[in-house]
Amino acid sequence: MPDTPVDALTEAQARTELERLAETLARANAAYFRNDAPVMDDAEYDALKARNAAIEARFPHLARADSPSVQVGAAPSEAFGKIRHARRMLSLANAFDAEDVAEFVQRIRRYLGLSDDTPLAFTSEPKIDGLSLSLRYENDRLIHAATRGDGETGEDVTANARTVDDIPETLEDAPAILEVRGEVYMSHADFAALNERQAEAGGKTFANPRNAAAGSLRQLDPEITRARPLRFFAYGWGELSEPLAATQYEALQRLGKLGFSVNPRTRRCGGLDDLLQTHAETETLRADLGHDIDGMVYKVDDLALQERLGFRSTTPRWAIAHKFSAETAWTRLEAIDIQVGRTGALSPVARLTPVTVGGVVVSNATLHNEDYIAGRDSKGAPIREGRDIRVGDRVEVYRAGDVIPKIRDVDLSARPADAVPYTFPETCPECGSPAVREEGDSVRRCTGGLICPAQAVERLKHFVSRAAFDIEGLGAKQVEAFWRDGWITKPSEIFTLKDRFGPGCARQVRNREGWGEKSADNLFAAIDTRRTIPLARVIFALGIRHVGESTAALLAGHYGSWAAFRDAMLKASSDGGTEWDNLLSIDGVGPVLAASLVASFQAEIDEIDALTANLTIEDAESRATDSPVAGKTLVFTGTLERMTRAEAKARAEALGAKVAGSVSAKTDLLIAGPGAGSKAKKAADLGVEVIDEDAWLTLIGAA
Ligand code: IVH
């Protein structure tokens, strides 16, 4: 019957055939999306789907509820719709010791201008190790649930979230709009049982409860999620139509009353000592909690103060995660390999006899740089009391949070007699160019630039990475293969791929290993989608040394458009001048970063132009375009009396203004407190408007 032409099928045969197709395609989907192990190629998959559609077209009344034509048959990230968060979902800065926490508390006091004896309360909450989820309720009903995604846009996992017992479907007397944020996680016991079931069924087992929770929530079939024992703790909120309470602590209690699980170990603390005490107490309980936590989260309790403190580019000023000390294990260092990164850095990687650290099998760890291996820091002072690390050594491995494992120590008593000190290479192992270490730099770098295959490939991988161009279907593996065959050797060539290979391109890509008709078409569609792209992503994607995501956002916000940014980078020269000063006037841009930007533009402008010629680059959207200072350049001078300089600046930026350090012809407004000196005079000379602090507060509606 599978071979019978659709036209020739009887109704009974069609019914049976639709059932068979539904089963076969469901199995293919599961194999492809859940287990990463396809059981048929794309062409066969497409043919079965087409046959299913043709039968349904002939016998519409036979279409099944679970028909493959209504199932999502694309890659998971496409399979889940996207949800744009009404308020961004950010992450937390980390503190690793008491000193970091003390600094956090001091920073807040300084920012708010609070004296040491003004009371300042915090909450302390366990930091659950799962994945964050945002639940939107409107008029007491759950409307949607979204993963964090890139913070701006997450995946729509509503159907799956509805299967989680801890997530209420309806509420009573909640604010009309309520976004509850919290962590989805799996208990140790449920995790162990799940892995046992998976192993018995020959399915995929998970490395740790966090991965199990993430894998279970991101299922195409909600019934699979339902069968997985997921839990949810609420710890915060996004958009609200009215405040939940006046403090963090009371807001959590209110969420508890509304029916959410809130962590019973949440405490209110009077200051640093209290916070550290909750940390120590919880750390001793850690093993008995029944689920993973990786630290404590401290938050300013007063929500009005949280509001004043606001956010840095990706983290709130009012909260911090105080991590627990990492778990460690001892194993043998089998070899040291050198990896060459996108900026040419030679990074030593430890190859280890596999060992379990905190439930995860570790076989590689970073060794940082040559000094670290030799047992000294960048200033030459001894680390590990000067013990160096040699191949063959017994070494102590640790993992801090989600980051790459590291090596902490070495056991000299177990050192093999024939172990020799490690000699760090002075030429690039990938291209043979000299690898040099500049003064003040702890890293040795390959001088081969883009002739070095490792740098070229790493640059491409960075370019397509999630925070950069994020091209669906073009990940690190695919980029490597295209690069090897010379199809894509630099970023601009991604956007000319189709034209260069002409109309037969899709066919040629399809013929490549690992590609089918569907995936090839999807790739070109995904590339086309990214031809229009926000400015910050482009700046980040260029892979310039020292320019991370938040710096890219800073630069985008400052220059506004690609044309302005490009122009400024080409005009700026480290010898000084207006554009150089302008670049350095950005808070967060120092001379090292500025020099790196300018040098990259000089060296790579041809490739940069070739790339951007194929793109529509969206201007940086000012988060607040309707404020009276949006797009204006402001300078503060003199003493401010109602808030600290840092707060004034952050507020101005949140309203879409740029804050510069010095007055120039580009300044729109000078806010001068008592004691203003030369800046006020210069502003007067240049005809720049000058106002006092009260007028400023009135202007921004904060009087
Ligand atoms: S507050 C603005 N509280 O940790 C960000 N986060 O490393 C507010 N997490 O993305 C986050 N327990 O997924 C907060 N009690 C808690 C938490 C918590 C776990 C997670 C959350 C966040 C990540 C940051």
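The values are calculated or read from the model by the stated rules, or taken from the named source; none is laboratory data. Keep in mind that what you see is a predicted model, and the values were worked out from it rather than measured. Reconstructed Cβ throughout: ideal geometry from the backbone, glycine too, with neighbour counts over all protein chains shown. Accessible surface areas use protein heavy atoms only, side chains included; no ligands, DNA or RNA. Shrake-Rupley method; radii C 1.70, N 1.55, O 1.52, S 1.80 Å.
General observations
- All positions within segment 222-262 that are farther than 20 Å from residue 302 by Cβ and within 14 Å of the ligand (Cβ to nearest atom): 231, 232, 233, 239, 260, 261
- Yes/no for residue 609 being over 22 Å from residue 471 (Cβ atoms) and either in contact with a Leu (Cβ under 6 Å, 6 or more places away or on another chain) or surrounded by fewer than 20 Cβ atoms within 10 Å (Cβ to Cβ) (or both): no
- In segment 284-303, the residues that are of a type in the set (Phe, Trp, Tyr) reach residues that are in a helix (DSSP H, G or I) with C-beta atoms within less than 9 angstrom, at least six apart or across chains, in these pairs: 298/101; 298/104; 298/105; 298/275; 298/278; 298/279.
- Members of segment 115-127 that are open to solvent by less than 20 Å² (accessible area, probe 1.4 Å) and either assigned to a loop (DSSP other than H, G, I, E, B) or at pLDDT below 95 (or both): 120
- Qualifying residue in segment 240-251 (condition: closer than 15 Å to residue 128 by Cα and in contact (Cβ under 8 Å) with a residue 40 or more places away in the chain): no
- Subset tally (residues that are touching a residue at least 40 places away in the same chain (Cβ under 8 Å) and either over 18 Å from residue 248 (Cβ atoms) or more than 16 Å from the ligand (Cβ to nearest atom) (or both)) for segment 115-129: 4
- Pairs with Cβ under 6 Å, 6+ apart, first in segment 480-496 and in contact (Cβ under 8 Å) with a residue 40 or more places away in the chain, second assigned to a loop (DSSP other than H, G, I, E, B): 495/614
- Test: residue 90 is within 16 Å of the ligand (Cβ to nearest atom) and either in a loop (DSSP other than H, G, I, E, B) or modelled with pLDDT under 80 (or both): yes
- Taking the criterion of being away from the ligand (no atom under 16 Å from the Cβ), in a loop (DSSP other than H, G, I, E, B) and under 26 Å from the mean Cα position of the chain (by Cα), the only residue of segment 93-114 that qualifies is 97.
- Matching entry among 287, 304 (being closer than 23 Å to residue 112 by Cβ and open to solvent by 30 Å² or more (accessible area, probe 1.4 Å)): 304
- Among the strands (runs of 3 or more DSSP E) confined to segment 130-221, the ones with at least 2 residues that are within 15 Å of the ligand (Cβ to nearest atom) and within 26 Å of residue 286 (Cβ to Cβ) are located at 131-138, 177-185.
- Exclusive hit being more than 23 Å from residue 578 (Cβ to Cβ) and open to solvent by less than 40 Å² (accessible area, probe 1.4 Å), set 680, 702: 702
- Close contacts from segment 85-97, counting a first residue that is under 17 Å from residue 183 (Cα atoms) and a second that is open to solvent by 30 Å² or more (accessible area, probe 1.4 Å) and within 8 Å of the ligand (Cβ to nearest atom), with Cβ to Cβ under 6 Å and a gap of 6+ residues or different chains, come to 89/148.
- Residue match in segment 475-496 (condition: among the hydrophobic types (A, V, I, L, M, F, W, C), closer than 18 Å to residue 615 by Cα, assigned to a loop (DSSP other than H, G, I, E, B) and open to solvent by less than 10 Å² (accessible area, probe 1.4 Å)): yes
- Applying the condition of being in a loop (DSSP other than H, G, I, E, B) and touching a Phe, Trp or Tyr at 6+ places or on another chain (Cβ under 7 Å) to segment 549-586 and asking which residue is surrounded by the most Cβ atoms within 10 Å (Cβ to Cβ) yields 572.
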